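Here is the structure we will look at.
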Amino acid sequence: MNPRRQKRLVAVTAFVLLLGGAIGAMLYALQQNIDLFYTPSQLIDGMGKDKVKPEIGQRLRIGGMVVKGSVRRAPDSLKVSFDLVDTGPIVTVEYEGILPDLFREGQGIVAQGVLVDATTILASEVLAKHDEEYMPPEVAEAMKGIKHVPPSQLYKESDKGQQP
Amino acid sequence: MRKLAFFIPFVLFIGLSVFLFSGLFSDPMARESSVLNKPLPAFSLPDLQQPDNLWTAEKLKGKPYLLNVWGTWCVTCNAELAYLTELREQGVMIIGLYYQQPSDAAFGEVFNLTALQQEVKLKLEQQGDPYQWNILDKDRTLIFDLGVTGAPETFLIDTKGMIRYHHIGDINPQVWQQKLAAAYQSLQE
Amino acid sequence: MIAEYGQLALTFAFCVSLALAVVPLYGSFKGNQIALELGNPLAYALFFLTAFSFWALSYAFWANDFTVVYVASNSNSLLPWYYRLTAVWGGHEGSMLLWLLVLAGWTAAVALFSRSLPLQFQGRILGVMGLIAVGFYAFVLFMSNPFMLSLPYYPVDGRDLNPLLQDFGMIIHPPMLYMGYVGFAVSFAFAIAALMGGKFDSTWARWARPWTLAAWMFLTLGIMLGSWWAYAELGWGGWWFWDPVENASFMPWLVGTALIHSLAVTEKRGTFKSWTVLLAIGAFSLSLLGAFLVRSGVLVSVHSFAADPDRGLYLLAFLLVVVGGSLLLYAIRMNSVRSQARYELFSREVLLWGNNIFLLTATLVVLLGTLFPLVHKELGLGSISIGEPFFNQLFYYLVIPFSLLLGLGPWVRWKQQQVQPLLKPMSLVAIATLILALGTMAATQSIQANLALLGLLLGAWVGSSAIFELLQRLQQFGSITQGLTKLNASHFGMTLAHIGFAVLVVGVAMTKTYSVETQVRMKAGDQVELAGYQFKLVEVYDLKGPNYSGEAAELDVSYQGDYVTHLHAEKRFYPVQRSVMTEAAVHARLSRDLYVALGESLSEDSWALSLYVKPFVRWIWLGGLLMSLGGLIALCDKRYRRRTASLDQKDKADA
């Protein structure tokens, strides 16, 4: 092997080793930071075909509806707990901090946290989601923003429409 | 070797696009409905236009029908009204389950039945009325038991009051033909 | 009526883009002079038609024309006029029209400023821009038309602009971002034009450099503004979320940064040729990928526009044609290209190669973190989300070697560098670094081995190295004052951008380490202490705005008994959109921010409040600002403005 080739070989080997190491480190870090998403029934009954249940202490995300009347606040701190449900079993979420602006009983939320016992999650973050409405594309296109026109204003409106 | 190396970016990109493509078509709403093949949960809710008239799961038995969860606030629901009306004219029985959004005191909203009745009436006059009648679920209790996560959603119920199909999203000719028409026909017999 | 004219102009613009995609390219392959010369007028026509169309939509917003569906969905008669105008790009359709305007603007700019390029090459660039334009104009016209009317039943009033977007940062953030994204289309067009010609000397790199720099500058500014907007508007003191939409803008930035460095090597040394072309394709491809991810609803994010599989399918097809096609062209054409230049292991070429490797690894990290949830779900393994620590952790590892290289890079010569002459200046830089970093630690906090110390060391290393190198360079001209007039602008720009990076690193490390926050329950008159600051809640009262109502909290802040400032935080309810907004109160100083957000009302007289003290958080945006300012200064370099062939020759001799 001539020196130029040798140098090239060293460079290529170094590059491959570096790349392999980087990708390995990346995948390892990735594995450490995956949070699976459960619904309350999946959490209790298990998820997928094998009915896999999360382990106690596992980090996860849970999404469901806040059960009416289940929000309990501590009188002197920001501790709060509430129940979540989708179609069956109920799961309790405990949280300390400010709830999101759109948090309401009967609304859907997503919480991120750790499973502390079979039906309780200690949340580090609570997100409100608004999913009350689906928007199939064509429909959303055609109808977006059309609000109902009160009858009292119908006449006035059609007048205006003729002279834009 | 060297020549082939220049194809690596292209190959990687094509591999990525396959996932993007399948991601595009995986329905984020798709999941097993846990109410399927179970009887309609027990309830007792008023008729929207005649609140004295209470509807229960028992009273609804006898004919197969579609239970359509909707609301005037929901743009998608309004859009499917026309097609549902067409279905009604073909003889399909459709019952509306009115999804009332929670009145949010923070926004100064108060529930007003008369105003709602007016609104629904006008909307159905304008866009078509597919419903035999509407059931008002003001506190979203039945909606909750049915595992509804949004509107519109539609349930196909058989003569014995069993839930045979749960459709999430709007009903259009395609959805009807592919998913619901056959099931509905079989229940007729 | 105006909206109809806008629609008409947009339709004409689409036809013009078709012509632009065909005529100059035809001319370039057939050697047809007339067809080539038509490129410029077509580019200008495209711009003026699009500008008119954009004006028409803005007018519809200004005049509260709710017959236009898009206006009705994104505006309201109660909205103040300046937000009505910025609402033009507050939704999907309008932001696509803005995208078109920017694209047409860049195309016209290319036509205007590259008249001195060989006509054949210019025709190819305009042709490629035209091809991209056809895809986007068709998308807007047929799948996201902002001029759609809702006659005869149109609403009395609009649904209002999303309150999150009612903010100054939002007014300029998307235009800047799009200038960046679409600007990379120009670099892309240069690369593709070079690929079509099959001739790879360093000229295309020299021509493409100022365009890439300009796009990079806008993108830097756009990302920085986005981060600032999130900090001010989302109400929990975060400035970067690793949200898919942010990642979508960050990936082209990383590759674009690699590209401006790699272009320098290709221009000056004639190597890295195939690599640079790949980066030019990559930067624009990632911009397109970003557009696809954000607008197709494949990834669900707070920022996502309404999900729409049809649009997604179209964008994916477009992505396949543009990116797949260009990568295929690349693979076929690049076979024959060989670099002639030789360089040693310790040379600027190798260090810049290292820069590229780290930037691309960072891109890979972001790409993996963004797309892995999608892959995971498609493999049937369930829905997941990737935690923020994944990104943070890997970026810590990447920034350390990257910064070390960055401190060294500007000192090292092309081709080959002897170690000996560098020992003295580098040890000076090292001493300065230690003094600066340890001095800052001792002055502000106690000295601890932690992230802050690491960040200060790296920042000081990069910053002092950049300054020393500039001084040394200036002295080569005789004296520093003489040097100031003679040294070219791009060197100043580079130094400033590197200092900006140093400032950013210090800001991130200090904020990450020393930020403190607390969420408390308070009554009027209550006092809470945080990091030595006493926050006293004076009162909370009701609020009434033009299109919202809400509550406001007044706080007094003092530090060790001395009055510091008065803070005013709001919580707003927007009835039309049924949404709630937290308007945080921020007291900003270079060394720290005080940040208060008003939470929910817990009972009659007590409220939840979030209090934050965030040291050095301003440095993050200051760093970004310095970086884009560096780009601007480099852009003013005289070399980019002299364009005649003879001077190009002279340039070569200079370099």
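The values are calculated or read from the model by the stated rules, or taken from the named source; none is laboratory data. Everything numeric in this text was worked out from a predicted model, so none of it was measured. Positions of Cβ are generated from backbone atoms using ideal geometry, with glycine treated the same way; all protein chains shown enter the neighbour counts.
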> Of these, B:K123, B:K160, B:K138, which one is closer than 30 Å to C:E551 by Cβ and at pLDDT 80 or above?
Replying inline: B:K138
> Quick one: how many residues across the range C:188-217 are modelled with pLDDT of 90 or more, crowded, with 24+ Cβ neighbours inside 10 Å and over 10 Å from C:F121 (Cβ atoms)?
Replying inline: 12
> Is there a residue being over 24 Å from C:M581 (Cα atoms), buried (at least 16 other Cβ atoms within 10 Å of the Cβ) and within 9 Å of chain C (Cβ to nearest Cβ) anywhere in the range A:89-103?
Replying inline: no
> Quick one: how many residues across the range B:1-23 are buried (at least 16 other Cβ atoms within 10 Å of the Cβ) and assigned to a helix (DSSP H, G or I)?
Replying inline: 9
>> Quick check on the range B:163-183: of everything there that is in contact with an Asp or Glu (Cβ under 6 Å, 6 or more places away or on another chain) and of a type in the set (D, E, K, R), which residue is modelled with the lowest pLDDT?
In response: B:D170
> Can you tell me which of C:L398, C:L381 is of a type in the set (A, V, I, L, M), over 30 Å from C:T266 (Cα atoms) and without any contact (Cβ under 8 Å) to a residue 60 or more places away in the chain?
Replying inline: C:L381
>> Residues that are assigned to a loop (DSSP other than H, G, I, E, B), touching a helix residue (DSSP H, G or I) at 6+ places or on another chain (Cβ under 9 Å), on the phi < 0 side of the Ramachandran plot and surrounded by fewer than 20 Cβ atoms within 10 Å (Cβ to Cβ): does the range C:16-33 have at least one?
In response: yes
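Each row is one residue, and each column tells you yes or no for (1) touching a Phe, Trp or Tyr at 6+ places or on another chain (Cβ under 6 Å); (2) surrounded by fewer than 22 Cβ atoms within 10 Å (Cβ to Cβ).
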| site | (1), (2) |
| --- | --- |
| C:T50 | no, no |
| C:V71 | yes, no |
| C:S75 | yes, no |
| C:Y82 | no, yes |
| C:G91 | no, no |
| C:G123 | no, no |
| C:G127 | no, no |
| C:I132 | no, no |
| C:S144 | no, no |
> farther than 25 Å from A:G21 by Cβ and in a helix (DSSP H, G or I): does that describe C:L428?
Replying inline: yes
>> So, C:L379, is that one over 30 Å from C:I400 (Cα atoms), at pLDDT 90 or above and over 22 Å from the mean Cα position of the chain (by Cα) or not?
In response: no
> How many residues are part of a strand (DSSP E or B) and under 30 Å from A:V110 (Cα atoms) if we restrict to the range B:110-154?
Replying inline: 6
> Pairs, please: C-beta under 9 Å, at least 6 apart or cross-chain, first residue over 13 Å from A:Y38 (Cα atoms) and in the range A:53-70, second hydroxyl-bearing (S, T, Y)?
Replying inline: A:K68/B:T141; A:S70/A:S81; A:S70/A:T92
> If you take the residues in the range A:63-87 that are modelled with pLDDT of 85 or more and in a strand (DSSP E or B), which one is nearest to the other protein chains (Cβ to nearest Cβ)?
Replying inline: A:R73
>> For the range B:113-144, give me the residue count where each residue is crowded, with 16+ Cβ neighbours inside 10 Å and at negative phi.
In response: 19
> Among the strands (runs of 3 or more DSSP E) confined wholly to the range B:39-97, which include 2 or more residues that are buried (at least 22 other Cβ atoms within 10 Å of the Cβ)?
Replying inline: B:65-70
> So B:A79 fits all but one of (1) closer than 22 Å to A:Q107 by Cα; (2) modelled with pLDDT under 85; (3) small (G, A, S); what number is the exception?
Replying inline: (1)
>> Can you tell me which residue is farthest from the other protein chains (Cβ to nearest Cβ) among those in the range C:341-374 that are hydroxyl-bearing (S, T, Y) and within 17 Å of C:T257 (Cβ to Cβ)?
In response: C:T363
>> within 14 Å of chain B (Cβ to nearest Cβ), in contact with a Leu (Cβ under 6 Å, 6 or more places away or on another chain) and over 26 Å from C:N392 (Cβ atoms): which single residue out of C:L293, C:L288, C:L279 fits that description?
In response: C:L288
>> For the range C:274-285, check the following and say yes or no: at least one residue is surrounded by 24 or more Cβ atoms within 10 Å (Cβ to Cβ), in contact with a His (Cβ under 7 Å, 6 or more places away or on another chain) and within 27 Å of C:F113 (Cα to Cα).
In response: no
> Only one of C:L394, C:L405 is surrounded by 21 or more Cβ atoms within 10 Å (Cβ to Cβ), over 22 Å from C:V294 (Cα atoms) and out of contact with any Ser or Thr (no Cβ under 7 Å at 6 or more places or on another chain); which?
Replying inline: C:L394
> For the range B:10-26, does any single residue satisfy the condition of being under 22 Å from the mean Cα position of the chain (by Cα), within 8 Å of another protein chain (Cβ to nearest Cβ), closer than 22 Å to B:D137 by Cβ and modelled with pLDDT under 75?
Replying inline: no
>> Could you check the range C:348-366 and list, in sequence order, the residues that are surrounded by 18 or more Cβ atoms within 10 Å (Cβ to Cβ) and within 19 Å of A:Q32 (Cβ to Cβ)?
In response: C:T361, C:A362, C:V365, C:V366
> What residue, among those in the range C:604-615 that are more than 16 Å from C:G238 (Cβ to Cβ) and either in contact with a strand residue (DSSP E or B) (Cβ under 9 Å, 6 or more places away or on another chain) or away from chain A (no Cβ under 13 Å) (or both), is surrounded by the most Cβ atoms within 10 Å (Cβ to Cβ)?
Replying inline: C:L609
> For residues in the range C:61-86 being in a helix (DSSP H, G or I) and within 12 Å of chain A (Cβ to nearest Cβ), which is modelled with the lowest pLDDT?
Replying inline: C:S73
>> Is it the case, given these coordinates, that C:L470 is crowded, with 21+ Cβ neighbours inside 10 Å, in contact with a helix residue (DSSP H, G or I) (Cβ under 9 Å, 6 or more places away or on another chain) and assigned by TED's automatic domain parsing to the domain that holds C:G623?
In response: yes
> Among the residues of the range C:571-596, which ones are in contact with a strand residue (DSSP E or B) (Cβ under 7 Å, 6 or more places away or on another chain) and either away from every other protein chain (no Cβ under 12 Å) or within 19 Å of C:F616 (Cβ to Cβ) (or both)?
Replying inline: C:A584, C:A585, C:V586, C:H587, C:S591, C:R592, C:D593, C:L594, C:Y595, C:V596
> Within the range B:162-189, restricting attention to residues that are buried (at least 19 other Cβ atoms within 10 Å of the Cβ) and more than 14 Å from chain A (Cβ to nearest Cβ), which residue is farthest from the chain's Cα centre (by Cα)?
Replying inline: B:Y184
